[in-house]
Amino acid sequence: KVLITGSLGQLGRGLNSVYKYMYGAECVTMSDIVKVPSDAHDVSSANYQFLDILNQSAIEEAVVNRNIDTIVHFSALLSAVGEQNVPLALQVNCRGVENVLQVAMRHKLKVFIPSTIGAFGPTTPRDDTPDLTIQVPTTIYGVSKVYAERLGEYYNHRFGVDFRSLRFPGIISATKPGGGTTDYAIQIFYDALEKGSHTCYLRPDTSLPMMYDTDCMASVVQFLSADNSQLKRRVYNVTGFSFTPEQIAGAIRKVMPNFQIDYKICETRQAIADSWPRSLDDSGARNDWGWNPEYGLDETVQVMFALLQREIAQKKGEGG
Ligand code: VAH
């Protein structure tokens, strides 16, 4: 039985659907600190509960009452929004992780905590960044994610907690993210369909690693089900493909020839992107537990258009 924290965010609802399909609805508990939006038809009140991850005993209560054996801890403040509220980022990204690991230790749980390319920094080699390299990030998000990686590893070797973490690139999904540096790669699709154009806050030549949602969910499911004997480390890089704003605009034009892009650079987010890897080496994940993503840039563009068109049509049908 799985508990997903931050489950109403960008990644949680996707994983909920996958686990519901695999194990049945009674095996997944979604949690967050906000009310379920009225259009979230995939979230039932039976499998949703309010949970403040800063409250360790509330996490423990959920784990005991629902007989949880795995926590997927998605609650976090992302990179751009973290810079605007450092104290809250420290609370959510560090205290939250400490609480989850403590509960995991006491109740012998498996724990997945995502890490990120943001856990690297300007002194890290930026191309084909390997699993083991310099990690001196310059954002509070990155610092907190390095802390989560090291703390999880510590709980693993000291207390035997089955901690696992993947360093995700930007995730492209048909759900809106909140406060990240890679968010443009989702917004660009909404803007393409609604306005035929997008104003990008990153320079046209800013290359970042990305991955489509379905591959991201597959990586979590596959990595969590890998046998411990297959794992050579607790934290692995995973990636799909890298592109620049100019390149994704080119891929969108293959489907929508009149699509326009212009640029209004946001200095904060540009500086963050410039401190991150341009591409990741995920050969460790491929070799050790069989990671093998399916979506490239063109497939991602096609599926995003299909999903968002359906969403827009549904909203119109509902009169919204
Ligand atoms: C962010 N999407 O932009 C996140 C991510 C790859 C970076 O962790 O902050």
Between ASN85 and GLN302, what is the label-point separation in nm under the 7 Å Cα-to-beta-carbon projection? 4.0 nm
If the reach is capped at under 27 angstrom between alpha carbons, list the lysines near LYS20, excluding any in the same chain fewer than eight residues apart. LYS1, LYS35, LYS108, LYS110, LYS176, LYS315
Suppose every Lys and Arg Cβ carries +1 and every Asp and Glu Cβ carries -1, with no other charges. What dipole size does the stretch 198-242 come out with about its Cα centre, to the nearest 20 debye? 240 debye
For HIS157, HIS107, HIS198, order by how many other beta-carbon atoms lie within 10 Å, fewest first: HIS157, HIS107, HIS198
Euclidean distance between Cα centres, the stretch 70-87 to the stretch 218-260, Å: 20 Å
Go from 0 up to the bin containing the longest alpha carbon distance in the chain, width 20 Å each, and give me the % of pairs per bin. 32, 60, 8
Fewest-first ranking of ARG278, ARG95, ARG158, using other Cβ atoms within 10 Å as the exposure measure: ARG158, ARG95, ARG278
Classify the stretch 226-310: rounded, prolate or oblate, from the alpha-carbon gyration tensor (a ≥ b ≥ c, eigenvalue square roots; a/c under 1.5 rounded; otherwise prolate if a/b is larger than b/c)? oblate
Would you order SER38, SER165, SER57 from fewest to most other beta-carbon atoms within 10 Å of each residue's own beta-carbon? SER38, SER57, SER165
Local electrostatic count, GLU61, Cβ distance below 13 Å [Lys/Arg +1, Asp/Glu -1]: 0
Taking the Cα centre as origin and putting +1 on Lys and Arg beta-carbons and -1 on Asp and Glu beta-carbons, what dipole magnitude results for the chain, to the nearest 20 debye? 400 debye
Sort 215-224, 1-10, 80-89, 253-262 by the packing proxy (mean of other Cβ within 10 Å over each peptide's residues), most packed first. 1-10, 215-224, 80-89, 253-262
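Computed from the coordinates by the stated procedures, all read-outs in this text should not be read as laboratory data. Everything numeric here is computed off the predicted structure, so don't read it as measured data. Note that we place each Cβ from the backbone using ideal geometry, even for glycine, and neighbour counts take in every protein chain shown.
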